[in-house]
Every structure is written in C-alpha cells, then in structure tokens.
Amino acid sequence: MVAQATKPLSAPQKALRKLGLERPIDLALHLPLRYEDETRVTRIEDARDAQVVQIEGVIIRSEMRYGGQRQLLVEIEDDSGSCMLRFFNAYPSQQKSLVLGKRIRALGEVRGGLMGLTMMHPSVKSAETDLPQALTPVYPTSAGLPQAYLRRAVEGGLARADLTETLKPEELAALGLDAQWTLRAALHFLHHPTPDVTLSMLQDRSHPAWRRLKFEELLSQQLSQSKAKQERAQLKAVCLAASSGLRGELSVEPALHARLLASLPFALTNAQQRVCREIDQDLSRAVPMHRLLQGDVGAGKTVVAALAAARCIELGWQCALMAPTEILASQHFNKLLAWLEPLGVMVAWLTGSQKAKERREMLAMIASGQAQLVIGTHAIIQDKVSFDKLALVIIDEQHRFGVAQRLALRDKTQAQSRSAQQLEPHMLMMTATPIPRTLAMSYYADLDISTIDSLPPGRTPVLTKVISDQRRDEVLVRIRAQIDAGRQVYWVCPLIEESEALDLANATATHAAISAALPAVEVGLLHSRMAPADKKAIMARFTQGHMGVLVSTTVIEVGVDVPNASLMVVEHAERFGLSQLHQLRGRVGRGVAASACVLLYSTGEASRLGDLARERLRAMAQTNDGFDIARRDLEIRGPGDFLGARQSGVAMLRFADLQLDADLLDLAAQFAPRLLAQHPQRAEQHMNRWLGAQVAFLKA
Ligand code: ADP
Ligand code: MG
C-alpha cells in the first residue's frame, strides 16, 4: 500500500515551527508583547493627538489616490465628528471592503487636531461584531505569520495544553503567593486581561499572574538543579583523605602536600587556608566534589589548585588541570613544574598545537599512569585521551568555557563513570569573574562555592585613570618612567570581532608607534593570529623580563602572571566589557610595585561615547572590587551575555528577571528541594512541562 502523502505545511505553519511553537504548551506560554484595547469606543470628538484609540463610524468617503505613492483615503464619521484613515500602498481589494455607507471600527494612533484627525494604517473591522470583553493580545511574531493566525493558534494551544496544577493551594499560600492564580488562571488572564487591569502591572510584569508564572519558571530551574545535585550525591568518587597519619608510618618522607606547603616562598592567607580546608573536606568524601573556587584576579587560586593536586597525587591518583588558552596553560605548566618537579612529581603537557610525536608520548604517559599531573587546554578532555586513574579535574577560568561546556563535561564524566562502573573524578572549577549571588543561585545551584575574599598581603591597589586618546604622549612618558624603574608594561588593543585584519592592523600600528617612540626598549607584539610557538616565545621574552612593553590583542586577558608588570594601558577601552577590563587590570598590581591602569578612550568616538559607556569606564576607576564590577556588568549586559550562554544554547529564563525577581528566586530555591523530596512525581511533572518549553523557546 502506498502511504498517504502528508499535507505540506502552510507558510504560517512553517513560521510557527520556526518560532518553536509546536506543542500546545509552547503556544500557551507564548505571551503577548502588548495589548490593544478594543473593548471600548472613543467618540471622535474626544480623541486626542498621539492617543491610541478605537473609533467607530460610517464611511462617508473612500477613494484611491494615485501619484507619488498609491494611497487609500477613507473618511468615517460619527455623531461628534470625522476622521481620515490613510492606507499607503493599499490594494484595490482593500478599497472594495471599505465601501461608502459601511459602519466600521478603526483602532490606531490619532494624529492632528484642528485641521482634522487622521489615522495611519489603523486596524479595521466591521462594526457588526460585538465589542470584546478582554484586551486584544499582540504577540511577538515573524514574517509570514499574521497576527490573526497566531492569535487563533495560541487560543488553540491554550485550550489543549495540559495546565494541571503542580502546586497545592496551601503550598502557594505558605510561600506567600496568591493561590487564586493557578497556572491556568494566570495564563488565561495574561492572554486576555480584563480591561480594568492596570496596564503598567502587565508591562512591568508585577501583576500577580505574572509573578505566578515567573515562580513556575524559577521553580522548574531550581528543581532541575536540585535533582542534578541529588544525582551527584549518588555517584562514587575516590576518597582523597589527608594521608599524613596512615602513610606517615610507611614512608619516611612527609607527604607531598605537606612538602609543597613547606616549599612555598610565602604563607597562605587566611582566606586561602579556609578554601583549602573546604576543598580537603570534599576530597576526603567518597562522593564527587563539584566546587567552584572564586576569587578576584590575583587572589592566589593557582596555589590552592596545586595543593589539591598534591593531595590527589600523594595518594597515587592522577590529576588534570585545564585552562582555556594555550598561553595560560603553558604558564600553569611552568609554575606547577617549578613547584612540583623538585618534589618528584611527573608533569605532562597536552595541547592542540603539539607535535604529533610529543603528543603520542604524552598520551602514553597519561594512559600508563606515569604522568601524575596533566596540564593543558581543552585537548585534555578529548576522547582520545584516556587516563589510568584520574581522580581530580581542575578547570581554571571556567567562565571562559561557558556554562554549556561545563554541563557537557559534567555529563560526559558522569556517563562514562556510570557505564564503566568507574569512580567519577572530583571537579574543582576556578573563576576570577565572581558570579553575582542571584546568578550563582540560578545557574550554578548544583555547585558548591568557595570564595577567596581577600588578596595576599603587600599588594597596592591599582590606580585607574580614564583618559582621552589624544593624550597618548603623556602615556608614553609614563611608560618610559616605568621602564626606567625596571618595570614592564602591557598595552592592550581591542579585538575587533568583525575584522581580524583590522584588529591586526590596529595592534601592528600601535606596536610600530611605541617602538618608534621608545627606541631603546624591546617592544613585543602578540596577537590572536600568531602561531602558538611564536606566542609562547614572545610571552617568554616578557615573562623573563627582557621585553619592556608587550603590545597585544586580548589574548593576555586571563590569568597571565608577570609580577614585575606595573602599567596596563587599554586602548579603545570603551569597547570592552567591565569584567573584561577588570581582568585586564588584574594583570598588574601583582607585585609590590605601585601599579596603574590607563583606560584610553578614542576621541574619534568621544562625542559618540554614550552616557552608558562613560559611566562604565568611570565605574572602573571607582572600584577595584571584582564582585562590585561583576554586579554592574550583569546589570548592563544581562545574564545571557554575562554567562556566554545565549550562543551556547543553555536554557535561559524567559519570564523571570534575576535582578527584579530575586525574592521569587529565593522562594523557589527554598521550596524546590522540599518538593523534590516529598512529591517527586509532581516535581517531575513540573520540570518536564517547563524544560521542554524553554528549549523550544531557544530554537527561535
Ligand atoms: P589568580 O587567583 O588570579 O589565579 P594567582 O594564583 O596567579 O592568582 O596568584 C597571583 C600571584 O600571587 C602569584 O604570583 C602567586 O604566586 C602569588 N601568591 C599567591 N598566594 C600568595 C600568598 N599567600 N602570599 C603572597 N603571594 C601569593
Ligand atoms: Mg589564575
């Protein structure tokens, strides 16, 4: 038998699908952008300029005008006055439906006054229909999807969607939410609010129906995070308990961890000691650690990571340390090699740009377990790399990897350990971009967080100056003074995303100008298009102190540590994000020398330098507190951009706003673990409804 051909999709059906509006629940959750009030009619006499109103009258003129632009003119009249309706590029068929003597309603913005009223392109319908009882929704839509079609589709979705309540009235009441607003009631209301509603409460989403919906969404997010945390608690990991007691009897030498601690040229700060204890506690349990270590730039996270690695290695297990860029990875490699090699640790190195032979050797050492510590870029987590007995994974500058990659890594290690019945490695993630509380609660709720909240002693805060590009000469004088004092200088040029060529030209020109101005000084150039080996060579000249000035695109942004550098100049600072500027500034002020950061804004754009941009740069000069800066950055950029998640496809909140709805977030965070524990079925139902809908939203 021949299968019956399925009917091809119509254009609006295709557009619906493209917007991710397929299932009834997706349609039901597609909320209006705004509303039109067709519930009442304004007398023409009472309509005022610039008001959006609905008027009703009889057509007393209807004519098509040709000339420059085809224009349909229709005049209607009620007992108080008349109004001209204008439709540009109208079709003759449109004129046919607007015949003399017909009674119509027109909704639109009124223009004019004494000279007569007009409406441009009003929406028009026959006056025979009854006035609706509710406001008319206007939905976000796309080309090929007429508003009327979308309204009918949403209507159908709303009728068919399973809107069973997952929350009990007493639960809502206990949370201080109005139990009258069930999910069903809230959605029906938001699609068709009654005309007596205060429109501003719909616009700013403070209406109780909106709050119910936002709570639903936040709860689903919290539920899935709690669930991930619960599932993790079921997994097994190697117990890496401090070994001093037991091993002490067997070996004459104290354990690696203690020896590393003793060999450091400095004492740990109180904050470092505290986070080390928190990490040690996690490591000594047979459940995988998922801990985020956050600390401002220069807070000293690397040594904390090294101590955790030492704990792992001394017990005979392998540790992997992953960094987002090759420069940063190689810097970690050098530092940890210097700390750990003298103590007898075998450190391996793995990156994408490695020669095949060297890579093969490294892979063999990793697979045999001979390599105790493996440092590299994300090359480390590729499929070909197999560890003999991996017990700890450390990820530096984890925000650079993005939420999606973190979750992918989590899933990957979990899936592997489940299928092979192996032990799952502990994970330590580090970040210098502190995550504001609300964001941490919503996107990192499955992680435990440790914070290094103070810098090592002896640091002088970096002095920040915002100055015009035209004062470059003064900057060169400053540079010379730093060089004469034996210090080094970074000069950062922005990455111009649209054009790598421009980007390079800019950095090259700056490099040439500085070289010419400071002939006795070695000035290096580092940019994103250089071969890794060349980058490494340049970086080595700078790290070893031979090079006075390093001109670079933002490749040096994260983690680079050259304590002798005391001046950071950022060109076109207005093009950088706040957290990025803070990272850059964190490259100086790492030693004892007084350090400065100069943010140059280009005068070409000075007039265009908007208030926002100026305020941002000023904020940089006002505070050195990374948390403060991250908070402002979040306000300006929004969470999607902040997390780098928009692009990576992680479900973002569509209704709730982390800043404005922090109270609902708190409620959801309290309630989720309880619902999950006591009513797992309802919790599951709730999550399924919302998670599916969020994914659909993102496909749009
Ligand atoms: P970040 O947290 O930004 O990764 P690093 O780990 O690179 O910071 O540390 C910044 C600098 O501070 C390094 O040179 C490091 O050796 C040094 N450092 C770390 N801890 C201390 C400490 N307790 N006392 C003095 N210097 C320290
Ligand atoms: Mg670091």
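The values are calculated or read from the model by the stated rules, or taken from the named source; none is laboratory data. Note that the structure is a prediction, hence the values are computed from the model and not measured. FYI the Cβ positions are ideal-geometry reconstructions off the backbone, even for glycines, and counts take in every protein chain you see.
If we keep just the residues of region 573-587 that are modelled with pLDDT under 85 and part of a loop (DSSP other than H, G, I, E, B), which is nearest to the chain's Cα centre (by Cα)?
G577
Could you tell me which residue of region 585-599 is nearest to F627 (Cα to Cα), considering only residues that are surrounded by fewer than 24 Cβ atoms within 10 Å (Cβ to Cβ) and out of contact with any Leu (no Cβ under 9 Å at 6 or more places or on another chain)?
R590
Taking region 302-319 on its own, how many of its residues are more than 19 Å from I381 (Cβ to Cβ) and either within 14 Å of ligand 2 (Cβ to nearest atom) or without any contact (Cβ under 8 Å) to a residue 12 or more places away in the chain (or both)?
4
When you go through E77, E56, E45, E128 one by one, which is the residue that is of a type outside the set (S, T, Y), touching a Cys at 6+ places or on another chain (Cβ under 9 Å) and touching a residue at least 12 places away in the same chain (Cβ under 8 Å)?
E77
Filter region 550-567 for residues that are modelled with pLDDT of 90 or more and touching a helix residue (DSSP H, G or I) at 6+ places or on another chain (Cβ under 6 Å); which is farthest from ligand 1 (Cβ to nearest atom)?
If we take residues in region 550-567 being modelled with pLDDT of 90 or more and touching a helix residue (DSSP H, G or I) at 6+ places or on another chain (Cβ under 6 Å), then V551 is farthest from ligand 1 (Cβ to nearest atom).
Pick out the one residue from L145, L190 that is in contact (Cβ under 8 Å) with a residue 24 or more places away in the chain and not in a helix (DSSP H, G or I).
After ruling out the rest, the residue left standing is L145.
Could you list, in sequence order, all residues of region 302-334 that are away from ligand 1 (no atom under 11 Å from the Cβ), among the small types (G, A, S) and part of a helix (DSSP H, G or I)?
Within region 302-334, A308, A309, A310, A329, S330 meet the criteria.
Can you find even one residue in region 271-292 that is crowded, with 18+ Cβ neighbours inside 10 Å and under 22 Å from E341 (Cα atoms)?
Within region 271-292 (the criterion being crowded, with 18+ Cβ neighbours inside 10 Å and under 22 Å from E341 (Cα atoms)), the answer is yes, since at least one residue qualifies.
For region 450-464, indicate whether the set of residues that are more than 26 Å from Q273 (Cα to Cα) and at pLDDT 75 or above is non-empty.
yes
Identify the single condition in (1) surrounded by fewer than 16 Cβ atoms within 10 Å (Cβ to Cβ); (2) part of a strand (DSSP E or B); (3) of a type in the set (A, V, I, L, M, F, W, C) that V99 does not satisfy, given that it satisfies every other one.
Just one mismatch for V99, condition (2).
Kindly indicate which of A517, A507 is modelled with pLDDT under 90 and not acidic (D, E).
Sole residue among the options that is modelled with pLDDT under 90 and not acidic (D, E): A507.
When you scan region 27-39, do you find a residue that is farther than 30 Å from L183 by Cβ and not in a loop (DSSP other than H, G, I, E, B), even just one?
no
Does I479 fit the bill of being within 30 Å of Q670 (Cα to Cα), among the β-branched types (V, I, T) and either away from ligand 1 (no atom under 16 Å from the Cβ) or part of a strand (DSSP E or B) (or both)?
no
Can you find, within region 275-301, the residue that is nearest to ligand 2 (Cβ to nearest atom) among those that are part of a helix (DSSP H, G or I) and free of Cβ contacts under 8 Å to residues at least 60 places away in the same chain?
Restricting to residues being part of a helix (DSSP H, G or I) and free of Cβ contacts under 8 Å to residues at least 60 places away in the same chain, the top hit is C276.
If we keep just the residues of region 588-598 that are more than 9 Å from N564 (Cα to Cα) and touching a strand residue (DSSP E or B) at 6+ places or on another chain (Cβ under 6 Å), which is farthest from ligand 2 (Cβ to nearest atom)?
Ranking the candidates gives V598 first.
Looking at the structure I just gave you, is L117 closer than 16 Å to R43 by Cβ and surrounded by 19 or more Cβ atoms within 10 Å (Cβ to Cβ)?
Considered against the rule, which asks whether it is closer than 16 Å to R43 by Cβ and surrounded by 19 or more Cβ atoms within 10 Å (Cβ to Cβ), L117 comes out as yes.
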